[in-house]
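Q: Take a look at this one; I'll ask things after.
Please treat every number below as a calculation from the coordinates, not as lab data. Note that the coordinates shown come from a computational prediction; the quantities given were computed from them, not determined experimentally. Positions of Cβ are generated from backbone atoms using ideal geometry, with glycine treated the same way; all protein chains shown enter the neighbour counts.
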Amino acid sequence: MTCGGCEAKVRQSLQQLGVRDMTIDVGKQIVVVETDIPFTKVQEAIRSTGKIAVLKGFGSSTGSAPGVAAAVSEISGTSGIMGVVRFSQAAEGACIIDGVIDGLQQGQMHRLRIHELGDLSNGCESTGAVYDPEPSGTNHRRPRRYGSLGEIDVDENGRSIFRRTNDIVKVWDIIGRSLVVCSQSPSQAQRGDVDSCARLACGIVARASGVAQNPKRICACDGVSVWDERDPPNAKKN
């Protein structure tokens, strides 16, 4: 963004999406929105104006959650499955899970799960069991296993975009563990056989920047400006 006209285009695009609460700083090249719309759709709305948009921070606008308040998992797996899922602790009993995953097969039942280990030495098979600090039966108030994050829908293009709030997961408890996407046939899902879920893709859950915690525009790893991060060939060659 370089002028008031750019700001107006971005603001109009976000308003058409349904975003009402936003702050745009042309000088700092920053757009901050408060919304329950998935971050991928917000990025697409900004990019539709001809601008490149990179998510630099994600989390609670109040900053009231204790401990590590934001985390991210970049997942990959078989048959080109790739995605990114972000976790934000909006409050003690509210973890926002927001993500997009590509390469999935429509017609299968897909589930998101936190597994106990952040060990990818043997792919998703070495991530251990579904994380559950209180084994089934020890906490009757909890309707499901801690690490069971539920099902995700897949469109005709094999993409899943989702945003949900989980009242069990705490971000600071899952750092260093792994996020796994698994699939079942409709018949397996009907039988309720959650352990038969085939592991398709996974990634380690890592700490992430919260809102306004990442002012940098340069990636220290390869010298690429974050605005060019979709174009790796621009990186400085050794």
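Q: Can you pull the one-decimal nm distance between simple spin-label points at Ser48 and Arg159, each 7 Å off the Cα toward Cβ?
A: Reported label-point gap for Ser48 and Arg159 is 1.2 nm.
Q: Whole angstrom only: what separates the Cα centroid of region 5-50 from the Cα centroid of region 83-106?
A: Distance between centres, Cα-based: 20 Å.
Q: I'd like the Karplus ³J(HN,Hα) series for region 42-48: coefficients 6.51, -1.76, 1.60, θ = phi - 60°, whole numbers in Hz, and an x wherever there's a Gly or Pro.
A: 5, 4, 4, 5, 5, 5, 5
Q: Would you mind classifying region 70-207 by shape? Square roots of the alpha carbon gyration tensor eigenvalues, ordered a ≥ b ≥ c; an a/c under 1.5 is rounded, otherwise it is prolate if a/b is larger than b/c and oblate if not.
A: Judged from the Cα gyration tensor, region 70-207 comes out rounded (a/c under 1.5).
Q: Take the alpha carbon gyration tensor of region 1-56, find the square roots of its eigenvalues, order them as a ≥ b ≥ c, and report rounded if a/c is under 1.5; if not, report prolate when a/b exceeds b/c, else oblate.
A: rounded
Q: Tell me, in nm to one decimal, what length is gained between Arg144 and Ser187 on full extension, where the rule is 0.36 nm per residue of separation less the Cα-Cα distance?
A: 13.4 nm
Q: What FRET efficiency comes out for Glu34 versus Met82 if R0 is 22 angstrom and r is the Cβ-Cβ distance? Round to the nearest 0.05.
A: For R0 = 22 Å, the calculated efficiency reads 0.20.
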